[in-house]
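Student: Before we start, here is the structure in question, set down as structure tokens.
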Amino acid sequence: MTDLPSTRLIAEARRILYAQDGIGRSIGVRRLTALDRLRLFKVLGAELSLNAAYLGVATLAYSVHAIDDVPVPPPLNEAALETLVNRLGDAGLSAIADALSVADTSIAELEIAGN
């Protein structure tokens, strides 16, 4: 199979990234797909989906795949999402934001290389 730029972009988007937060936890995260975002909007409901600050924190939490190698299922309702945000705290959310920022940079570099 040819290593096309689109193949590399898809693989990069599905990759699990690991970040260590300020209190030593290893947090596995991945970029959200279109379906993930749709499911997140369903969890949040119409009103909270329009609240940019709430949506930003919710998106970070929803991207969590594992904490200390223990799988974290996607939250299915607002209460579960808030429980996860509380569990992550500022240290976890900051580490997630940093990891996803690095991933975005890597994908942008792949897109540039593919042109």
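The values are calculated or read from the model by the stated rules, or taken from the named source; none is laboratory data. Everything numeric in this text was worked out from a predicted model, so none of it was measured. All Cβ positions, glycine included, derive from the backbone under ideal geometry; neighbour counts span all protein chains shown.
Student: Yes or no: the stretch 55-68 includes at least one residue that is modelled with pLDDT of 95 or more, within 20 Å of residue 18 (Cβ to Cβ), of a type outside the set (Phe, Trp, Tyr) and part of a loop (DSSP other than H, G, I, E, B). Full working, then the answer.
Tutor: Just the residues of the stretch 55-68 that are modelled with pLDDT of 95 or more, to begin with: 55-68.
Adding the requirement that they be within 20 Å of residue 18 (Cβ to Cβ) leaves 59-68.
Okay, now just the ones that are also of a type outside the set (Phe, Trp, Tyr), so 59-61, 63-68.
Of the ones still in play, those that are also part of a loop (DSSP other than H, G, I, E, B) are 63, 68.
Yes.
Student: Moving on to the next point. Can you tell me which residue in the stretch 19-42 is surrounded by the fewest Cβ atoms within 10 Å (Cβ to Cβ), limited to those that are at pLDDT 95 or above and in contact with a His (Cβ under 9 Å, 6 or more places away or on another chain)?
Tutor: In this case the residue turns out to be 28.
Student: Restricting the stretch 29-54 to residues that are touching a residue at least 24 places away in the same chain (Cβ under 8 Å) and among the basic types (Lys, Arg), which is farthest from residue 16 (Cα to Cα)?
Tutor: 39
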